[in-house]
Amino acid sequence: VCIMEKQVLESSEERTFQYQDSLPSLPVPPLEESLSKYLDAVKPFLNQEEYQRTEDIVKKFENGIGKELHQKLLERAKTRRNWLEDWWLNVAYLDLRIATQIHCNMGGPGPFIEHCWPAKEGTQIERASINLWHILKFWDLLRAEKVAIERSRDDVLDMNQFRMLFCTCKIPGVTRDSIASYFKTETEGECPSHLIVLCRGRVFAFDTIHEGNMVTPPEIFRQLTYIQKRCHSEPDGPGLAALTSNERTKWAELREYLINLDPKNLTLLEKIQRSLFVVCLDDSSPHATPEDYTEVTRLGLTGDPTVRWGDKSYNSIFFSNGTCSAFCDHSPFDAMALITMLAYAEKKILENEGKWKGSDKVRDIPWPEELVFTVDQKIISEIGRTKELYYEKVSDLQLVNYAFTSFGKALIRKKKLHPDTFVQLALQLAYYKCHGRPGCCYETAMTRRFYHGRTETVRSCTMEAVEWCKSMLDPSSSTYERLQLMHKAFAKHNKMRKDCENGKGFDRHLLGLLLIAQEQGLPVPELYVDNAFTASGGGGNFVLSTSLTGYTRLTGSALPMVQHGYGFFYSIRDDRILVACSSWKSCPETDAEVLCRTAFQCFQDMLQLTVAAQL
């Protein structure tokens, strides 16, 4: 009977992708709802006269061309489970011609310095071997569809992004990039199983499956040691990986040139594209403490370009002092899929106190092979030029990653406040204090309740938030008034987030209407060229680009969306809030350090407000 029960349990376990086909399609919200939300969102940035003008433009749009475009969008949505998916991929990522490795990639530090792995020279390869093994186990679970399905309350969430963590790479195109993904589950068939290792400008590969079994940490250790010894005793390689940090069209042309130089180069590029992911052995030793991850985060995002493959969906970076970082192309997935995988690995590493407790036996597996590209003088000088441009650009980055340690989620929840909204409103207040005006803000909401859903924009800078900020800076305002206004701002933000998660946001809808107009060769509707559209953040003009990276020890970051803006990414733990804040030094108005410190002060001010109210 026991055996029978066990079998029933095992066969009734959910498979990772089993609900993909029953997820609801992404809805198109009613036009008037979206437009009324849009009008509400532009208010903080306009005076009475400007608002009147925008209101007229919106009404005209709603009763005219907007109505037609909306009908055409509904037609499109009838034939697709996600009307936005291809459009979003292209517009948000693949059509971009800027250096996406710098401007769009995301990354974050490993949290191991807080428990089993404090920074220590001489531990790089040993820790890498253990860390990589746990990531490989996650790949194994995913192939067997044994990764738990994620849910929000009771709703099943789309799991498609998890497929993109492995064997996925962006390929540069002259006008538009593409994504190649070679991942397959066990039922779907063969899946590539080799890793790429970048070290001192050279590229190596080794298989993680030997005679049907996964390599163990001691075996990975042997492979990485072999690579490192060779790299440290022989001349540096050309550093071809740096080319991925170019502007996209330039990289596409150089890639074509490489392939024409020698067809073998294409085979090697495809080997990198197909690989599980890329392991980066980096010679730097970033300083890191549990309260200050700045250097490890900065080097993770903008370190040595010859040991990062910027187009790969996952680069696992190991620094010389045993600290580590993740670095990812953002186009195939959003941060939460990555965080789920990394949180799994961290949990397993913790359970084993950062050690390998299995067998030390090392099988006679083939040594890693080096991928030696055929290069000429042109490629060598292009690599040099690319590195110069890269370092010039990233030296302009100001980034801090600090922990606010006075309190965290536990205390905020005790005050019956939503922790994410708490941080968003503190940021609004901090920006107002630093700049004397409201800051248009993009917060990521996830729409994974829907088939292949990704994100929607929560526009955190509401009239309610601005009224509250003003009261906080007005000495004649009473505690009671401030608290009332704060609760209003909280309620508004919570409703917006909920709407966005349920497919009732307006930013993606407005984008869809614009793209329909473009596809039909129609002129750009006035709504999109109105100053209010850009001033409130539309068209990728948000001054504050923000996201909650969850409630775990994992935190991540990306760079500001605009030259005069900030990136502000945060994770909220029981006892602390970690913030990664970035800006560009060349912009005289912005200062990431000041905004971050001001936000920390605002956390205290908000808590004080709730305490004062109880007295």
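The values are calculated or read from the model by the stated rules, or taken from the named source; none is laboratory data. Model, not experiment: these values are computed from the prediction. Glycine gets a Cβ as well: all are built from the backbone with ideal geometry, and neighbour counts include every protein chain shown. Just the protein is used for accessible areas: all its heavy atoms, side chains included, with ligands, DNA and RNA removed. Shrake-Rupley method; radii C 1.70, N 1.55, O 1.52, S 1.80 Å.
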Exercise. How many percent of the accessible area of the chain is carbon or sulfur, using a 1.4 Å probe?
Worked result: 52 percent
For this session: Take every DSSP beta bridge with both residues inside region 96-396 and express the antiparallel ones as a percent of the total, to the nearest 5.
Result: 75 percent
Exercise. What percent does the relative contact order of the chain come to when contacts are Cα pairs within less than 8 Å and at least six residues apart?
Worked result: 20 percent
Exercise. Once you charge only the Cβ atoms, +1 for Lys and Arg and -1 for Asp and Glu, what is the size of the charge dipole of the chain about its Cα centre, to the nearest 20 debye?
Worked result: 780 debye
Seminar exercise, completed: Per its Cα gyration tensor (rounded if a/c is under 1.5, else prolate when a/b beats b/c, else oblate), region 96-396 is best filed as rounded
Exercise. How high is the FRET efficiency between Gln52 and Asp605 when r is their beta carbon distance and R₀ equals 30 Å, given to the nearest 0.05?
Worked result: 0.30
Exercise. Given labels modelled 7 Å from the Cα in the Cβ direction, how far is it in nm from Glu33 to Cys587?
Worked result: 3.3 nm
Exercise. Can you put Val296, Val156 in order of accessible area, largest first, using a 1.4 Å probe?
Worked result: Val156, Val296
Seminar exercise, completed: For the chain, dividing by residue count, accessible area per residue (probe 1.4 Å) in Å² works out to 41 Å²
For this session: Please work out the Cα center distance from region 538-611 to region 152-222, rounded to the nearest Å.
Result: 31 Å
Problem set entry | Which of Phe17, Ile102, Ala77, positive extreme of dipole for region 1-122 (C-beta unit charges) | Ala77
Exercise. When DSSP beta bridges are limited to those with both residues in the chain, what percentage is antiparallel, rounded to the nearest 5?
Worked result: 75 percent
Problem set entry | From phi via Karplus (6.51, -1.76, 1.60), per-residue ³J(HN,Hα) for region 142-150 in Hz, x at Gly/Pro | 5, 5, 8, 6, 10, 6, 4, 5, 8
For this session: Calculate one ³J(HN,Hα) per residue across region 242-251 by plugging θ = phi - 60° into the Karplus curve 6.51 cos²θ - 1.76 cosθ + 1.60, and present them in order as whole Hz with x for glycine and proline.
Result: 4, 4, 5, 8, 6, 4, 4, 5, 4, 5
Problem set entry | With Cα atoms, 0 to 90° folded angle of helix 2-12 axis to the chain main axis | 60 degrees
Exercise. Taking the Cα centre of each part, how many Å lie between region 245-291 and region 80-99?
Worked result: 22 Å
Seminar exercise, completed: Once Ser359, Ser478 are ranked on solvent-accessible area with the largest value leading and a 1.4 Å probe, the list reads Ser359, Ser478
